[in-house]
Every structure is written in structure tokens, then in C-alpha cells.
Amino acid sequence: MNPTLHQLIADYGLWAVLAGTFLEGESVVVLAGFLAHQRLLRLPDVMLCAFAGSFAADQLLFYLGRRYREHRYVARVRAQPAFGKALDLVERYPHGFILTLRFLYGLRTVGPVALGVSQVPALRFLVLNAVAAAIWALCFSVLGYAFGQTIESMLGRLHGAETKLAVALAIGALIALAYHLYARRRRK
């Protein structure tokens, strides 16, 4: 028996959120927030998975930077142009950098490694990383949920899991594109 798309989302959606936030981020959480609005996922569960994936990824990268400063992976990250910028921001504004890291385009991967290489104490990073991950998960989950409300009021009640997923993917793609264009414009 073939499972329906609705059943696949219900069974594996939260795992996808956890993995997606561990690897990527915003668009996954916005999409999951939209799916929560469509009652395919529960919003508190989406927030918790988004928090856990984001928190765990940054903790892992921090400890890689801290423990393996001379390892080739860390050396490759350190060679990226964004690493110097991240390290400079860490030295000037360590607390602010940790709290805003998830919102800074281009520093998502190199930022935690730079923090690991820096003199920021591990316990301080752990606490501030938890606070930042919670704020980030809440913001993007609610953003996706609010988009669901907006789209539903514009298009009427959506029917069928395929329609819901297609609209959610389109919204996610538009948000990712807008974010990419905004970040590219800021870099210039």
C-alpha cells in the first residue's frame, strides 16, 4: 500500500525539519511553519525540531573549531573569506555575534567555527547558542505559520496535501530567493 503525501509528511516531516535545520535553515523552518498552519505538523513540534537541529549544528561546528583548530576541515573553513570577517566580529562583539549569527548571511557555517577558534568560553557559547537557537526557531516557524494564514485568506481554504505542499514549496523558494538577493545586495 502506497502511503499518501499527507502520511509521509506526518511520519517524517519533523525528521526532515531536524535534518534540514542541521544542514540549512530558514527555508526549511518557514516551510514547516506553513505545514503546521495546514495542520500537517504541530507548530510546537516544528519549533522544537528547528531549535534542536540549529543548536546541535552550531555546537558541533563550535567544538570542531575548538578541538581541531589545525585539522584540514577547520583549516579549509578558516581559508574562506567570510572567516576573517566572522573572527573580527567575534573579537569585537562576542555576545552579539553569537546571538545574531543565525541571521547573518554567509556566516552560518564559518561563524561557529570562528567562535570555536576564538577565546569565547565554551559554557558562554552553549548558553547564548541555546538562546539564539530558540529565538531563531520561534521567528521562522511563526513566519511560515503566518504565511499560511495570509495565503489561506487570499486563496481560500486549500485542499489536498499535494496542493498544500506545492504552495509551501513555492513560498519557501520565494523566501530563499528574496533572502539570497538581499544578502547578495548587502555584500556589494
Estimated vicinal HN-Hα couplings, Hz - segment 89-96 in sequence order (Karplus 6.51, -1.76, 1.60; Gly, Pro = x) | 5, 4, 5, 7, 9, x, 5, x
Using the Karplus curve 6.51 cos²θ - 1.76 cosθ + 1.60 with θ = phi - 60°, work out ³J(HN,Hα) for each residue of segment 133-150 in order, rounded to whole Hz, and write x for Gly and Pro.
-> 5, 5, 4, 4, 4, 5, 4, 6, 5, 5, 4, x, 5, 5, 4, x, 5, 5
With θ set to phi - 60°, apply the Karplus curve 6.51 cos²θ - 1.76 cosθ + 1.60 along segment 25-31 and write out the HN-Hα couplings as whole Hz, x wherever there is a Gly or Pro.
-> x, 3, 5, 5, 6, 4, 4
Output the peptides 30-43, 129-142 sorted from most to least packed, where packing is the average of other Cβ atoms within 10 Å over each peptide's residues.
-> 30-43, 129-142
With the full set of protein chains in place, find how many percent of the accessible area of segment 3-146 is carbon and sulfur; take the probe as 1.4 Å.
-> 67 percent
Gap in Å between the Cα centre of segment 25-55 and the Cα centre of segment 101-134?
-> 21 Å
Quick one: what does P(r) look like for segment 30-134 with 5 Å bins over all Cα pairs, in whole %?
-> 2, 14, 22, 22, 15, 10, 7, 5, 2, 0
Want the number for Tyr73 to Ala56: 0.36 nm per residue separation, take away the alpha-carbon distance, what's left?
-> 4.3 nm
Ordering Leu174, Leu104 from largest to smallest accessible area (1.4 angstrom probe), what's the sequence?
-> Leu174, Leu104
In this structure, the FRET efficiency calculated for Ala178 and Ile135 from their beta-carbon separation, with R0 = 25 Å, to the nearest 0.05, is 0.75
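The values are calculated or read from the model by the stated rules, or taken from the named source; none is laboratory data. All of these numbers come straight from a predicted model, not from anything done at the bench. Cβ atoms come from the backbone with ideal geometry, glycine included; neighbour counts cover every protein chain shown. Only protein heavy atoms, including side chains, enter the accessible area calculation; ligands, DNA and RNA are left aside. Shrake-Rupley method; radii C 1.70, N 1.55, O 1.52, S 1.80 Å.
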